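**Q** This is the structure I have questions about; it appears just below.
What follows draws every value from the coordinates through simple rules; no lab data is involved. All of these numbers come straight from a predicted model, not from anything done at the bench. Positions of Cβ are backbone-derived with ideal geometry, glycine not excepted, and every protein chain shown enters the neighbour counts.
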2 protein chains.
Amino acid sequence: MTARIQKTFEALFQLEELRGLFRASLPTGFDAGEEEEFRKRIAELKQIVADLEAGTGNPRVTKIAGTLDIRCREEEYINIHPIQAAGRLTTEARKAIIAYGDGYSTCDACRKPFRLDKISKPGIADFHADLAKFVNMDHARVVPGARRGFQAVTGTLVGRGDSVIVSALAHYTEFLAVENAGGVVKEVPLNDKNIVTADATAQKIEAVKAETGKLPVLVMIDHFDYQFANEHEIAGIGKVAHQYDIPFLYNGAYTVGVMPVDGKKIGADFVVGSGHKSMASVAPSGVLAMTDEYAPEALRTTAMVGDLTKRKFGIKEVELLGCTLMGGTLLSMMASFPAVKARTLAWGDEVRRSNFFIDRLLKISGSKVLSEYPRKHTLTKVDTTGSFDTVAKTHKRKGFYFSDELSSRGIVGEFAGATRTWKLNTYGLNERQIQYLADVFTEIAEKYQIPVMR
Amino acid sequence: MTARIQKTFEALFQLEELRGLFRASLPTGFDAGEEEEFRKRIAELKQIVADLEAGTGNPRVTKIAGTLDIRCREEEYINIHPIQAAGRLTTEARKAIIAYGDGYSTCDACRKPFRLDKISKPGIADFHADLAKFVNMDHARVVPGARRGFQAVTGTLVGRGDSVIVSALAHYTEFLAVENAGGVVKEVPLNDKNIVTADATAQKIEAVKAETGKLPVLVMIDHFDYQFANEHEIAGIGKVAHQYDIPFLYNGAYTVGVMPVDGKKIGADFVVGSGHKSMASVAPSGVLAMTDEYAPEALRTTAMVGDLTKRKFGIKEVELLGCTLMGGTLLSMMASFPAVKARTLAWGDEVRRSNFFIDRLLKISGSKVLSEYPRKHTLTKVDTTGSFDTVAKTHKRKGFYFSDELSSRGIVGEFAGATRTWKLNTYGLNERQIQYLADVFTEIAEKYQIPVMR
């Protein structure tokens, strides 16, 4: 870690120690001993800030809680990790979790009817309304990850033995959500370009009907899949689902929060997004949005009555198990939200930079892109068997030579040791960073005499 | 907010702005423009630190992301909120979320077999083993809140129409977890001291058997309930459950993380705890632990196979939907864990301080404690109808006068406006703070001529 980054963390940690003093003191202020401790900490803080400014000083803190390394991948490196890119917190989200990290921090002003999405201070109720609007649906709830959104829907709609249409590139959490509800996944095949089409979806629905005698109870398709991040025929699929009167869940884990998503226009009955994947939020977090039509079912409130006490908890929603994100997770979503809304409008620039990098990679002889090309997304599966892997074959570090070369130039997030097929995500990199990234790949190729087209 | 606390947050926020600079820069360092921005921010930071030291200066920042207030309840006040006390982050946890707040921050070194509890860097695998040991069970998993632990168990064991034994003081999330699985709650009555006894549990099991012709499929009881925080006959109840060969879930939402819990000794098949309620962690977080006997069922891995692709995601656990807490939530649990382990050993001191405060409250004429007394917990339900409510009857601010008096003395967390029956939690207050708290109550009573015994 550079001294400056090290000292930035040390200054943050020293301030958290100061907060600890306030927390252990009386509301009336410090006593003499606390004041002395405060002065000592301030003096240390000043030294840390001086070192931070000058870029000097040895590390004073290297572990958190005695065992955890300080994670500085985002400060020290350019991180191209396939699933981390769009979940990085915004600066405002980082501030929010400083202020709202404590357990039930959302609950200071929880009043009747005692439900998370009704809290007005902080503005959680408004945020829910904004979220619904953001994806153009009627209702939105926050959930502990997209998977918990899938689960709420499968729990509502899928019975034992029921079929659910998913894509041949469906994420494993969709499999599990269906399995957990007792259903069975039925995969729509890809076309020769690795795209799920509306026609193939219709054919699969017909095939399931012929095979089982029953229509599938849900169609759940990823707009962009997790393998290639190819764009699938989501609006057409929504139309097909509705022709069969089957509810359609739009999986926006790779879209909600990075590009504009209009649920109604797509024809979605449910829109699911991921906070930690695409909304710059602390994990686990996500959004489950739906139409008026499905809210009474999927957001049904409890009907359970205590047999003895006759207690009822009428407003609590069964599939959500009541409140969902009661603290820092939600506040990080809320604090990132203005930036997240704004950044979806700049999606075109993100895609352009993604293509800029991929074009440069393709100039390195033997490199291929396995995702659809030109790219419509920032996540891409590449094949460097014909380029960087040719070096790995004879290098004593095997594929790790490539990781070494990348990390020594400040790039991390590739799958360490992988030089054949692997994934990367350029989301959030600015113009200079994407240029630098492309230059690094060229430089490594040239170092190992892999031909690079100019 | 006092100037010092305000400036502490401002310094933290300014450092987060600096981090933002590092994140947007190249790994090779700042360019001239960035360096200038850095210098400017450092100069501001120095001024903030100078103000922090002197306790001077006007607020420069009052909102996060334009709308969120800075939450300073824990620094500025003594917070006696019933559910917040033991979920406050430790200083190490606050450091951890600074370093690991970003989305999928746990996943830097995720390798085969690609499951959260197998990750060794950071030491998530070891943490899981430690967690199981901590509650003396064979297996532990982290979950997004205790409620998601209940859900995993009811999802495994409860079928449509099955009965589940709960307490007449069961938390609503237990109701929902049973309802979500299609089951029906059957409440064990309380004795005249508001305690759930082993005998009453046995009788209820018999009654359910007589009524439905089937034994209940699960007994799920809170060690300390959320209403009175009375201690229920948990070991005896475990024994009864086993006599009927019914699995027993120990709800430790109010115990795991604050007092020693020995699952095997209690006879628990499942132990569930809450991270944000009792383990000083970011919400939503919690633990689900179990015996070897139930692990194959409750932690069953997916059996779903893609009908077309034949894909299998074999190691992913169905009830957990794969990975659960992929970032700051988990890291806050891990960073707090050494302190949490240590603090459970000091539970006797916490209970002593709880009783100290309650004894002082009871000296205020007309005050009652509705929880069992002497207290065995730090959460207590009190009845001040005969004391503080007598003032509310004629005060123009009604019950809010009491909140005003408390907050003007630096106490928050009571239910605003409530002066009859309400709950408070003294967990985590040190000797000076508990003394101060008791003095404040006495002072308010005296101000309003409520007799106080000396």
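**Q** Contact order normalised by length for the range B:267-397, with contacts defined as Cα pairs under 8 Å and 6 or more residues apart; what percent is it?
**A** Taking the mean separation of contacting Cα pairs over the length of the range B:267-397, I get 17 percent.
**Q** Another one. If each label sits 7 angstrom from Cα along the C-beta direction, how far apart, in nm, is B:PRO260 from its counterparts in the other copies?
**A** The projected label point of B:PRO260 is separated from its counterparts by 6.3 nm.
**Q** Taking the number of other C-beta atoms within 10 Å as the exposure measure, put B:SER281, A:SER408, A:SER354 in order starting with the fewest.
**A** A:SER408, A:SER354, B:SER281
**Q** Which ³J(HN,Hα) values in Hz, rounded to whole numbers, follow from the phi angles of the range A:365-379 under the Karplus curve 6.51 cos²θ - 1.76 cosθ + 1.60, where θ = phi - 60° and Gly and Pro get x?
**A** Whole-Hz 3J(HN,Hα) from phi for the range A:365-379: 3, x, 7, 9, 10, 8, 6, 4, 9, x, 5, 10, 9, 8, 8.
**Q** Sequence-distant or interchain residues sharing an amide H contact under 5 Å with B:VAL188, placed H: which?
**A** B:VAL166, B:SER167, B:ALA168
**Q** Work out Dmax and Rg for the range A:299-351 from the C-alpha atoms and quote the Rg first, both in angstrom.
**A** Spelled out, the Cα radius of gyration and Dmax of the range A:299-351 are 18.9, 61 Å.
**Q** Can you list the DSSP H helices in chain B whose Cα atoms extend at least 20 Å along the helix axis and whose mean Kyte-Doolittle hydropathy is -1.0 or higher?
**A** Answer set is B:3-24, B:32-54, B:198-212, B:328-344, B:347-362, B:431-447.
**Q** Here is a further query. Separation of the range B:47-77 and the range B:393-416 by C-alpha centroid, Å?
**A** The two parts, judged by their Cα centres, are 25 Å apart.
**Q** How many nanometers, to one decimal and shortest first, lie between the label point of B:MET453 and those of its other copies, if labels sit 7 Å from Cα toward Cβ?
**A** Label-point distances to the other copies, shortest first: 9.2 nm.
**Q** Shielding of B:401-412 by partners, i.e. mean partner chain Cβ atoms within 10 Å per residue?
**A** 1
**Q** To continue, here is another question. Looking down the axis that turns B into A, which residue of B has the closest beta carbon, and how many Å out?
**A** Of all Cβ atoms in B, the one closest to the rotation axis yields B:PRO144, 2.
**Q** Still on this structure: If Lys and Arg each add +1 and Asp and Glu each add -1, what is the summed charge of the other residues whose beta carbon sits under 15 Å from the beta carbon of B:ALA210?
**A** Overall, the nearby charge balance is +1.
**Q** Taking +1 at the Cβ of each Lys and Arg and -1 at the Cβ of each Asp and Glu, which of A:MET290, A:PHE224, A:MET259 sits farthest along the dipole of the range A:200-319 towards its positive end, judged by Cα position relative to the Cα centre?
**A** The residue sitting farthest along the positive end of the dipole is A:MET290.
**Q** Still on this structure, I have one more. Ignoring everything except DSSP H segments at least 4 long, calculate the 222 nm mean residue ellipticity for chain B; use -39,500 (n - 2.57) per segment, divide by total residues, nearest 500.
**A** -13000 deg cm²/dmol
**Q** Among A:ILE78, A:PHE127, A:ALA96, whose Cα sits farthest toward the positive end of the charge dipole of the range A:1-145 (+1 at Cβ of Lys/Arg, -1 at Cβ of Asp/Glu, about the Cα centre)?
**A** Most positive-ward Cα: A:PHE127.
**Q** In addition: Evaluate the charge dipole of the range A:351-454 about its Cα centre and quote only its size in Debye, nearest 20, assuming +1 on the Cβ of each Lys and Arg and -1 on the Cβ of each Asp and Glu.
**A** 140
**Q** Determine the relative contact order of chain A: mean sequence separation of Cα pairs under 8 Å and six or more apart, normalised by residue count, in whole percent.
**A** 17
**Q** Between the range A:335-385 and the range B:419-454, how far is it from one alpha carbon centroid to the other, in angstrom?
**A** When both Cα centres are located, 61 Å separates them.
**Q** Of the lysine pairs in the range A:232-378, how many meet both conditions: Cα atoms under 24 Å apart, and a spacing of 8 or more in sequence or different chains?
**A** Lysine pairs satisfying the spacing and distance rule in the range A:232-378 number 14.
**Q** What is the distance in Å between the Cα centres of the range A:177-224 and the range A:91-152?
**A** 32
**Q** Just to confirm the numbers: B:PRO113, label point 7 angstrom along the Cα-Cβ line, distances to the other copies in nm, shortest first?
**A** Ordered by distance, the counterparts are at 4.4 nm.
**Q** Roughly how many debye, to the nearest 20, is the charge dipole of the protein assembly as shown about its Cα centre, given +1 on each Lys and Arg Cβ, -1 on each Asp and Glu Cβ, and no other charges?
**A** 160
**Q** A follow-up question, please. Please rank B:LEU26, A:LEU406, fewest neighbouring Cβ atoms within 10 Å first, as an exposure proxy. Walk me through the intermediate numbers first.
**A** On the way: B:LEU26 16, A:LEU406 22.
With the fewest neighbours first, B:LEU26, A:LEU406 line up as B:LEU26, A:LEU406.
**Q** May I ask for the Rg/Rh ratio of the range A:262-334, computed from Cα atoms with Rh as the Kirkwood radius, given to two decimals?
**A** Rg divided by Rh gives 1.08.
**Q** Determine the principal axes of the Cα atoms in the protein assembly as shown, then give the extent along each, sorted from largest to smallest and rounded to whole angstroms.
**A** Answer, in whole Å and largest first: 91, 72, 50 Å.
**Q** Can you list the aspartates and glutamates whose alpha carbon sits under 20 Å from that of B:LYS204, skipping same-chain ones fewer than 8 residues off?
**A** Leaving aside aspartates and glutamates fewer than 8 places away in the same chain, those within reach of B:LYS204 are A:ASP307, B:ASP162, B:GLU174, B:GLU179, B:GLU187, B:ASP192, B:ASP222, B:ASP225, B:GLU231, B:GLU233, B:ASP245, B:ASP269.
**Q** Here's something else I'd like to know. What is the dipole size for the range B:120-224, taken about its Cα centre, with +1 at each Lys and Arg Cβ and -1 at each Asp and Glu Cβ, in debye to the nearest 20?
**A** Dipole size: approximately 280 debye.
**Q** Now for a separate question. Starting from the Cα gyration tensor of the range A:95-189, take the square roots of the eigenvalues, sort them a ≥ b ≥ c, and report rounded, prolate or oblate (rounded when a/c is under 1.5, otherwise prolate if a/b is larger than b/c, else oblate).
**A** Prolate.
**Q** Now for a different question. Counting only pairs 8 or more residues apart or on different chains, how many lysine pairs in the range A:3-157 have their Cα atoms under 17 Å apart? The partial results should precede the final answer.
**A** On the way: A:LYS7/A:LYS46; A:LYS7/A:LYS63; A:LYS112/A:LYS121; A:LYS118/A:LYS133.
Close lysine pairs found across the range A:3-157: 4.
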